[in-house]
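These notes concern the structure reproduced below.
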Amino acid sequence: MARRVDAATPVERDRAVDALRAFAILGVVLGHWLVTALVADGATLRTASPLHFMPWLTPISWAFQTLAVFFLVGGHVATKGYTRARARGVSYGAWLRARTARLFRPVAAVLTLWTVATVCLLVSGADGDTVHTLVKLALSPLWFLLVFAALTAATPLLTRLSPLWPLAVVLHVDLIRFGLGGPSWLGWVNVAAGWLVPYTLGASWTRGELTGRRAGWVLLVCGTVATAALVVFAGYPASMVGVPGAAVSNLDPPTLAAVTFGLAQCGLALLLREPLRRAMRRPLAWAAVALVNLSAMTIFLWHQTALMATTATGLLAGHLPGLHTAPEDLGWVAARLAWLPVFALVLALCWYTFRIHEQGPRRARGSRVVAVRRAGRP
């Protein structure tokens with residue numbers, strides 16, 4: 001099967017792009033599973049993070065907070081696709097509908113299930129704080145889709161925009177917030193401006209401005225140095241994810257430190273393009289990456305539900321280490337690592353059940369493949 005997938009892939013497809021997208025999605029999933037704890041306090045479930053109790057684990061957030069890479073790839077693919085669509089005479093509306101349909105089809109299934117689950121929990125007398133915690137975790141991935149969809153819709157305006165402009169916006173917003181005592185709500189401007197930086201870097205990639213290794217090294221070194229300086233000298237948190245109880249989060253909303261860290265990640269991603277292209281020549285590796293890309297939104301939207309379903313089911317056996325206990329020591333970390341295969345299995349069940357909302361009916365996909373092959377096109 002891996003050989004068939006490899007043989008069916010068009011020669012001109014840049015497999016490194018798909019590999020970067022797959023790694024970005026899996027990084028977010030593993031990061032959430034490692035740093036999100038649902039602690040059972042009697043009949044109440046509350047969120048906690050091992051980064052609060054063990055700050056020396058902060059490098060975990062550097063490895064698994066990979067959203068900047070996803071926006072880099074998204075910007076590259078969207079601007080490249082839009083340019084090709086315009087060359088074929090496809091209207092903006094038709095292009096946008098095709099781009100966003102796959103993003104939002106899986107959302108309906110998540111919203112439906114959690115609406116029913118919320119009603120059932122409230123009717124059964126579940127603790128209100130617990131219900132709020134569960135719903136917030138389950139629906140938290142939706143903010144990403146809203147931002148990504150907005151940037152996708154604005155792609156025609158962003159094809160020539162330099163990343164320096166949104167970076168300057170983030171810089172000034174943080175200067176006003178933290179340096180001049182400005183209002184905290186101003187930080188929400190960075191939700192758009194912050195993720196616009198890697199997205200427009202993807203547009204620069206499409207324009208051929210990031211083809212050499214020099215660009216990757218400049219982004220990696222400058223982003224790393226800037227992030228380190230902001231953490232050491234400007235007081236930004238070292239963690240690149242939110243930590244419960246912390247006064248400032250680098251991610252909610254994005255700060256200048258999160259953006260410069262994203263620049264470093266984008267530089268590393270650009271440097272890895274050639275090694276990834278070579279690795280993706282192996283049929284088995286490419287088939288695995290292709291499978292993740294085919295179900296990227298399903299995996300992303302349901303991974304928190306998989307964690308919570310495992311946690312809720314585990315309560316039937318009592319308070320289990322690494323699942324319901326406070327993440328206070330290395331014992332919790334070891335137990336949580338042991339739970340990761342269980343989370344993956346539950347996520348696989350969610351994928352099997354709900355993948356049709358992203359991929360479409362199997363019969364329709366098969367008919368389209370047959371029709372294209374009969375037409376003599378790859």
Students often get this wrong: which residues of the range 150-172 have the backbone nitrogen under 16 Å from the point 7 angstrom along Cα-to-C-beta of Tyr92?
150-161
Using only the alpha-carbon atoms of the chain as identical scatterers, what base-10 log of I(q)/I(0) does the Debye formula give at q = 0.06, 0.11, 0.13, 0.15 Å⁻¹?
-0.25, -0.86, -1.20, -1.53
With each run of n ≥ 4 DSSP H residues scored as -39500 (n - 2.57), what mean residue ellipticity at 222 nm is computed for the chain after dividing by its residue count and rounding to the nearest 500 deg cm²/dmol?
-22500 deg cm²/dmol
Run the quick spin-label model on Arg213 and Trp143: label points 7 Å from Cα toward the beta carbon, then report their separation in nm to one decimal.
3.8 nm
At 0.36 nm per residue, minus the direct Cα-Cα distance, what do Leu320 and Asp127 gain on full extension? Give it in nm, one decimal, please.
67.5 nm
List, in order, the whole-Hz ³J(HN,Hα) value for each residue of the range 238-248 obtained from phi through the Karplus relation with A = 6.51, B = -1.76, C = 1.60 and θ = phi - 60°; use x for Gly and Pro.
6, 6, 8, 10, x, 10, x, x, 6, 5, 10
Rounded to whole Å, give me the distance from the Cα center of the range 299-327 to that of the range 187-264.
31 Å
Equivalent ellipsoid dimensions for the range 153-247 as semi-axes, Å, which come from the Cα gyration tensor, largest first:
26, 18, 11
Calculate what fraction, in whole %, of the accessible area of the chain sits on carbon and sulfur atoms when a 1.4 Å probe is rolled over the protein chains.
68 percent
Choose one of Leu347, Leu307, Ala317: the residue whose Cα lies farthest towards the positive end of the charge dipole of the range 300-365 (beta-carbon charges +1 Lys, Arg; -1 Asp, Glu; about the Cα centre).
Leu347
Square roots of five times the C-alpha gyration tensor eigenvalues of the range 36-93, ordered largest first and given in whole Å, equal 44, 17, 5
List every DSSP H helix in the chain whose Cα atoms extend 24 Å or more along the helix's own long axis and whose mean Kyte-Doolittle hydropathy is at least 0.0.
15-35, 67-87, 92-123, 189-206, 213-233, 296-314, 330-354
Here FRET efficiency (C-beta to C-beta, Arg13 to Leu186, R₀ 45 Å, nearest 0.05) is 0.60
What is the dipole size for the chain, taken about its Cα centre, with +1 at each Lys and Arg Cβ and -1 at each Asp and Glu Cβ, in debye to the nearest 20?
2520 debye
Residue-normalised value, i.e. accessible area per residue, for the chain at 1.4 Å probe, in Å², stands at 50 Å²
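The values are calculated or read from the model by the stated rules, or taken from the named source; none is laboratory data. Computed from a predicted model, the values in this text were never measured in an experiment. Every residue, glycine among them, receives a Cβ derived from its backbone with ideal geometry; neighbour counts consider all protein chains shown. The accessibility values were calculated without ligands, DNA or RNA, using every heavy atom of the protein model including side chains. Shrake-Rupley method; radii C 1.70, N 1.55, O 1.52, S 1.80 Å.
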